[in-house]
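Only one structure is covered here, and it is reproduced in the block below.
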Amino acid sequence: MQALSIVLLLISVGTILGPIGAVVIIYHNDLSQLVIPPQIRDIMNGNSNLIPHGNSNGNGNSGLGGLLTPVFVSAQSNKATHTFTGIFNVTNTLNFDLTLNSFSTDVEFTQANIPAASLSLSSPVTVLAGQTAQLTISGHWTQEAQDYMTNNFPGITSVDLSVSNVEININGITIQSAGPIQIGNIPMNAVS
């Protein structure tokens, strides 16, 4: 009877540890693959088709690519407080709901790498699958940016901007990119 209980115990241990051991042997070169799915690893390494990463020479994509497609709606500026608000329509091109919990980034003048502003999402936004929702991004112009524009380009009508230190939280997953990501030439009446 005791021998039977030992055999059953060994079978139980084998059925639990056998598959675990096989997985550990398969991923022995990189055990992080046991807890980080390949899709998340690709996003973290910038190799994902869901989130294309721009490059510093301006030839790459920017934004959230395959997740949310933003379209500029309007912008308002308060010259006294040097703050601004931008409103965007975002379309969820996927087959499941997405909640944009947070978004923050630093903006620079591409030409001189001068910090221009910090941007953040005003409040979380849920975008249902295949639907469009509106989100509000707010920011504050730096004194350095204001001085740079006033001293060097008083009559400028547009400016090249890039973003860096991008941090996005979608459905509880945080995605970070040090950047810079070129966002292109922006009309000054949209940001001043």
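Laboratory data are not the source of any read-out in this text; all were calculated from the coordinates shown. Every value quoted in this text rests on a predicted model; they were computed, and no experiment measured them. Cβ coordinates were reconstructed from backbone atoms using ideal geometry, including for glycine residues, and neighbour counts include every protein chain displayed.
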Label-point separation, V24 to Q111 (7 Å along Cα→Cβ), nm: 6.1
By average C-beta atoms within 10 angstrom, highest first, the peptides 121-132, 92-103, 148-159: 92-103, 121-132, 148-159
Table column - 3J(HN,Hα) (Hz), the range 97-109, Karplus curve with 6.51, -1.76, 1.60, x for Gly and Pro: 5, 10, 10, 8, 6, 7, 8, 8, 6, 9, 10, 10, 6
Label-zone membership for the range 89-120, site D160, 7 angstrom Cα→C-beta point, backbone N under 18 Å: 107-117
Extension gain (nm, one decimal) between S122 and T99, 0.36 nm per residue minus Cα-Cα: 6.9 nm
Whole-Hz ³J(HN,Hα) from phi, Karplus 6.51 cos²θ - 1.76 cosθ + 1.60, for the range 136-152, glycine and proline x: 10, 10, 10, x, 9, 6, 7, 4, 4, 5, 5, 5, 4, 5, 5, 7, 9
